[in-house]
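These notes are about the structure you will find just below.
Each reported figure results from applying straightforward, stated rules to the coordinates on display, with no laboratory input. In this text, all values refer to a predicted model and were calculated from it rather than measured experimentally. FYI the Cβ positions are ideal-geometry reconstructions off the backbone, even for glycines, and counts take in every protein chain you see.
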Ligand code: URA
């Protein structure tokens, strides 16, 4: 059993939050254990809770189309969420739920060791870019240590607002080049750099 599978056995037993008692399934995440890119959404929705898999509803279908647009299949990346249980009625995750779940996500990052972490939506962004605003930093990358952090809008938001759809499609298109440059890109703490700039700077 891989270390990631062992971690998932622990996650599905977790009872730290109230919502653990209301779930059908916990949704630890799925994908290639050695994925170069880790996508992190917000929380499971109805369909994810039913199946125990991340991004399997409408937002997930859109995410899969976005991946295809850069020649990737979902099996080639890793997909997880900030919190692993569904908040009832799809409300926003509570601060306590986020902090209770934080350790699971940190362990996932350590085991998958991705070259790039793509946050989807503001709750995920807040974990990696605290204090920032998604409308200002989406499409921007920052390398810290060996990982490139990159913020995008949540695919569900883009489904409801046509303007955002174009933004998220454009942001996805920047990923292959950022990834290709990951090896040579210097760490840029603490300032954020537009992805566009990074692409041509290195
Ligand atoms: N939205 C998320 O943030 N995560 C999922 O898994 C599904 C929808």
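Which residue, 60, 41, 103, tops the fluctuation ranking in a GNM of the chain built on C-alpha contacts under 10 Å?
Ranking 60, 41, 103 by mean-square fluctuation puts 103 first.
Among the DSSP beta bridges whose two residues both lie in the chain, what percent are antiparallel, rounded to the nearest 5?
Numbers: 8 of 21 bridges.
Expressed as a percentage, antiparallel bridges in the chain total about 40.
Take the Cα coordinates of the chain, assign each an equal point scatterer, and use the Debye formula without solvent to give log10 I(q)/I(0) at q = 0.07, 0.13 Å⁻¹.
So the normalised log intensities work out to -0.19, -0.66.
Stretch residue 20-residue 73 to full length: gain in nm at 0.36 nm per residue minus the Cα-Cα span? Please list the in-between numbers first.
Details: separation 53, 0.36 × 53 = 19.08 nm, distance 3.03 nm.
The residue 20-residue 73 span can extend by a further 16.0 nm.
Over the chain, with a Gaussian network built from C-alpha contacts below 10 Å, which listed residue (33, 106, 48) shows the highest mean-square fluctuation?
Most flexible of the set in this elastic network: 106.
Is it possible to state the helix-based mean residue ellipticity at 222 nm for the chain, with each DSSP H run of 4+ residues giving -39500 (n - 2.57), the sum divided by total residues, to the nearest 500 deg cm²/dmol? What is it?
Values: 10 runs with 87 residues, N = 202.
So the helix-based figure for the chain works out to -12000 deg cm²/dmol.
Given contacts defined as C-alpha pairs under 8 Å and at least six residues apart, what's the relative contact order of the stretch 3-188, whole-number percent? Mind showing how you got there, number by number?
Details: 315 pairs, mean separation 42.3, N = 186.
Averaging sequence separation for qualifying contacts and normalising by length gives 23 percent for the stretch 3-188.
State the Kirkwood hydrodynamic radius of the stretch 57-97 in Å, one decimal place, computed from all pairs of distinct Cα atoms. Intermediate results must be reported in sequence, preceding the final value.
Details: mean 1/r = 0.0825 Å⁻¹.
Evaluated over the stretch 57-97, this radius sits at 12.1 Å.
How many nm is it between the label spots at residue 126 and residue 111, if each spot is 7 Å from the Cα in line with the beta carbon?
2.6
How far apart, in nanometres, would the label points at residue 6 and residue 135 be if each is projected 7 angstrom from Cα along the Cα-to-Cβ direction?
4.7
Compute the convex hull volume of the Cα atoms of the stretch 1-60, divide it by the residue count, and report the result per residue in Å³ as a whole number. Mind dumping the intermediate values first?
Details: hull volume 5.7 nm³, N = 60.
Per-residue hull volume (Cα only) is 95 Å³.
Assuming a ≥ b ≥ c are the square roots of the Cα gyration tensor eigenvalues, decide whether the stretch 118-184 counts as rounded (a/c under 1.5), prolate (otherwise, with a/b larger than b/c) or oblate. Write down the numbers at each step before the final one.
On the way: a/c = 2.65, a/b = 1.39, b/c = 1.91.
Judged from the Cα gyration tensor, the stretch 118-184 comes out oblate (a/c at least 1.5, b/c at or above a/b).
Quick one: angle between helix 162-173 and the longest Cα principal axis of the chain, in degrees between 0 and 90, rounded to 10, please.
Orientation of helix 162-173: about 70 degrees from the principal axis.
Sorted from fewest to most neighbouring beta carbons within 10 Å, what does the list 12, 82 look like? Don't skip to the answer; put the middle values down first.
Values: 12 16, 82 23.
Neighbour counts put them in this order, fewest first: 12, 82.
Pick from 78, 46, 149: which is most flexible by mean-square fluctuation in a GNM of the chain where alpha carbon atoms under 10 Å apart are linked?
For the chain, modelled as a Gaussian network with Cα springs under 10 Å, the answer is 46.
Largest first and in whole Å, give the semi-axes of the stretch 36-134's equivalent ellipsoid, each being the square root of 5 times a Cα gyration tensor eigenvalue.
On the way: eigenvalues 79, 59, 34 Å².
Each semi-axis is the square root of five times an eigenvalue, giving 20, 17, 13 Å.
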